[in-house]
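**Q** Please see the structure below; I have some questions.
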Amino acid sequence: MNSLDIQYILRELHAQNVRQIDRENIMFSCIQAQWTHEGGNDHKPSCGVKINTSGLSPINCFTCGGDTFYGYVKTYGYMAVKSGQMSKEKLEVILDFIQIAEAEVDCNERERLKFSIKKYEIPERYFDIFGNYTEESKKIYDRFIGSIEDLKVFNVGITDERLIFPIYDTRKELCMVSGRWIGNNWEEYDEPKYKHIPAEANKSHYLYGEHLFNKDIKKVIITEGHIDVVNGNIALKQAGLNDYLVVGLMGSKPSDKQIEKIKTISEEVVACLDGDMAGRVGQYKLKERLENFLSVSLIQLPEGKDLDNVVKSGDFLKLLNERKDSLNYDLEKLLNIKGEILL
């Protein structure tokens, strides 16, 4: 199998620490570890698969031993099906894909199987919902600035209960779906504010909006929520700031994977998390973890406000222009603390 197909299957199986170390080998943390490794994990990747464009790809794990890539995935799949982590139907499609990819034939069939694999993770009904937010939808729930045309790059959908946000990676591949409850009364219905599909998907692996990255982007604004990202990017587009991109953590705590992604897609980072305690803690963590690698500046949002609020109030661009670099931000905080002590 070639490198792209191997890495595609590993992503679909939620393998961690996938890295091509040279022209012939890909390393990753063993996906069988929860059953076969002491402690149930493989923090230091112990699995290696050999790229072989003319046939079977051999694999070796320091704990599990050697096998072909097909045999290794098949063994994992049986354990995953038995434990309820994967459907039998999805495993069968993945194994069919590997056999076709190893034979290096019929590209159309491979693309069909890729779509089938994703369908087993994300229910087919969602594919009909993507992009169905229209002018009529605004009468139900109007949270976006700009036009329906502006929303097309996000493929936003809507149901009777939730806004639907498909999450794509930098390769523009669909990875998961987030559904945000319409309105603020989710607790009355005993529902979560956000629901992620598939349920086992890890939102901390992605940045909402990362699919919009291109070579012209020089500055990335980090925020929290989906609506913050959509309206922030529309506001930047309207202002002609085409070298900026807004992406969202889908929360206030940056993960290791998100930090690594940010390092690869930006020269400058502008932290703009919510104006509450969780947002300020997350903002500080972003600064600490990125300032040695990138130029970092920060926007301090007013108490209780988020990026969406300041976009709609017309203050976003003003706050962006007045952002503090990390050194001045630290100095200002220190002076504020000293002032409070003197008082």
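**Q** Is there a residue in the stretch 76-83 that is at pLDDT 90 or above, of a type in the set (Ser, Thr, Tyr) and surrounded by fewer than 16 Cβ atoms within 10 Å (Cβ to Cβ)?
**A** The answer is yes; a qualifying residue exists.
**Q** Can VAL220 be described as buried (at least 22 other Cβ atoms within 10 Å of the Cβ), touching a residue at least 12 places away in the same chain (Cβ under 8 Å) and in the same structural domain as LEU307 (by TED's automatic domain parsing)?
**A** Here the answer is yes, as VAL220 does meet what is asked.
**Q** Right, here's the next one. Considering only the stretch 13-35, I want to know if a residue exists there that is more than 27 Å from MET176 (Cβ to Cβ), in a strand (DSSP E or B) and among the acidic types (Asp, Glu).
**A** Kept after step one, since they are more than 27 Å from MET176 (Cβ to Cβ), are these residues of the stretch 13-35: 21-25.
If we keep only those that are in a strand (DSSP E or B) as well, we get 25.
Subsequent filtering for residues that are among the acidic types (Asp, Glu) retains none.
Looking for residues that are more than 27 Å from MET176 (Cβ to Cβ), in a strand (DSSP E or B) and among the acidic types (Asp, Glu), one finds none in the stretch 13-35, hence no.
Every residue, every condition in (1) surrounded by fewer than 22 Cβ atoms within 10 Å (Cβ to Cβ); (2) within 18 Å of ASP325 (Cα to Cα); (3) hydrophobic (A, V, I, L, M, F, W, C); (4) touching a residue at least 12 places away in the same chain (Cβ under 8 Å), yes or no:
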site	(1), (2), (3), (4)
GLY232	no, no, no, yes
ASN242	yes, no, no, yes
GLU291	yes, yes, no, yes
PRO302	yes, yes, no, yes
SER313	yes, no, no, no
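**Q** Could you list all residues from the stretch 197-217 that are part of a strand (DSSP E or B) and either in the same structural domain as SER295 (by TED's automatic domain parsing) or at pLDDT 90 or above (or both)? First the steps, then the outcome.
**A** Here is the first cut: in the stretch 197-217, the residues part of a strand (DSSP E or B) are 197, 208.
Once the filter is applied, which keeps residues that are part of a strand (DSSP E or B) and either in the same structural domain as SER295 (by TED's automatic domain parsing) or at pLDDT 90 or above (or both), the stretch 197-217 yields only TYR208.
The values are calculated or read from the model by the stated rules, or taken from the named source; none is laboratory data. Note that this is a predicted model, so its numbers are computed, not measured. Cβ atoms come from the backbone with ideal geometry, glycine included; neighbour counts cover every protein chain shown.
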